[in-house]
Every structure is written in C-alpha cells, then in structure tokens.
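The values are calculated or read from the model by the stated rules, or taken from the named source; none is laboratory data. This structure is a prediction, so every number in the text was calculated from the model and none was measured. For neighbour counting, all protein chains shown are included, and Cβ atoms are generated from backbone atoms with ideal geometry for every residue, glycine included. Accessible surface is based on the protein model in full, side chains and every heavy atom, while ligands, DNA and RNA are left aside. Shrake-Rupley method; radii C 1.70, N 1.55, O 1.52, S 1.80 Å.
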Amino acid sequence: GLERREGRPDGASEAVAEGVGLRLAAGGRMGFACGAGLSLETISGLFAKASAQLDHLEPDLAKVFVAGSSTPVDEAFAATLWDDSLFTEDWNAFLPKLTDMEQIVLAADPRLSSVIRAGYGESRGEVVIANTLGLSTWERGGSASVGLSALCSEGDERQTGSSFRSARRKDALDFTTA
C-alpha cells in the first residue's frame, strides 16, 4: 500500500502471506491446525498437530467431510472477483490521486484543518478447499481500497474522523467519495 501523512509521502509497502489450514476427520472426531507457509514440511507438521488432537475429542458421528460434487464453476461470478489490473501500476501513479482526495476533503468544510493520513492499497487472495472424498474447489479475488483520517478544529475543540472505500475492481474505486 501507499501512505501519506500530513500531506507528505510516508511510505510504500508490499507483503505476501501464505498459509495452510488442515482439518482431519476420523471416527467422528475432527482435529484442526493452521500455520504459515506452503512447504511439505509445514503441512506435515500441521498433520501431526491435528492428528494429536483426535484422541482427546469426544466422537460425534455428524463430524464428517462432505463428498465432492460436479457443480460447475460460475465463470461469470468468478470473473467479478478478480481484477488483472491490480499490482500493475507504479505506486507513484497514485500520489496525485491521494493529493487530490486530500484537497477535496479540506475544501468540504472550513473546520477541517488537516488530513492526518491518506492511503491506497491493493490485495489479492486465493483459497483452495479439498478433501479425500473428492471435494475440490478454489476461488480467488482481489480488491482496491482508499482511506483517510482528517482533523477537524473549532475553537479549542479537536476531533478526528475517518473514511474508507473498497471495491473489487480498481477502476470502480472513487477517490473523490472517500
């Protein structure tokens, strides 16, 4: 994301997070473990942790995995969740938009004395769900967001307020309404 504080660039950051959640079902018992990373070593460790829980749980015959189905993927819906334009522009392209957004906010009311923070961010994620009974599905999605915090002053009184907007597609995000 890109951050501005009090009208000046404050930083840009990028992060990647990967993880696994593993659920085991056996004899009406269900164990769960999760962790960071996607390596075989991580998954093996999670399997051991989830397996160790099974002997300590009361059996419940309703705790089972569902079988896979042949439900087709709704391609039209899936297309609305993914935006290929995310992460394609240099962060510097968003600085003028954030500056304009700050000016719109400050012009809205004379009591607004400063924009403390303005920021823009993009995110993407993917999820896979699979089991040993044939269930296998996945979904991916993304979003873009913008937000700001402003200081309002009247006499000796000071208050801060914040606003945030998010959209699935970058081109649907309106910087002027945040």
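Using the structure shown, decide if residue 105 is in contact (Cβ under 8 Å) with a residue 40 or more places away in the chain and either assigned to a strand (DSSP E or B) or of a type outside the set (Ser, Thr, Tyr) (or both). Against the criterion (in contact (Cβ under 8 Å) with a residue 40 or more places away in the chain and either assigned to a strand (DSSP E or B) or of a type outside the set (Ser, Thr, Tyr) (or both)), residue 105 qualifies. Within segment 133-171, the set of residues being out of contact with any strand residue (DSSP E or B) (no Cβ under 8 Å at 6 or more places or on another chain) and either assigned to a loop (DSSP other than H, G, I, E, B) or aliphatic (A, V, I, L, M) (or both) comprises 133, 134, 155, 156.
Checked against the criterion of being under 30 Å from residue 88 (Cβ atoms), open to solvent by 90 Å² or more (accessible area, probe 1.4 Å), modelled with pLDDT under 90 and among the hydrophobic types (A, V, I, L, M, F, W, C), segment 155-172 contains not a single residue that satisfies it. Picking from residues in segment 75-102 that are closer than 18 Å to residue 12 by Cα and without any contact (Cβ under 8 Å) to a residue 12 or more places away in the chain, the one that is least open to solvent (accessible area, probe 1.4 Å) is 93. None of 59, 72 is closer than 30 Å to residue 168 by Cβ, open to solvent by 60 Å² or more (accessible area, probe 1.4 Å) and not in a helix (DSSP H, G or I) except 72. Filtered by the rule that a residue be touching a strand residue (DSSP E or B) at 6+ places or on another chain (Cβ under 6 Å) and either surrounded by fewer than 11 Cβ atoms within 10 Å (Cβ to Cβ) or not in a strand (DSSP E or B) (or both), segment 108-132 gives 111, 127, 128.
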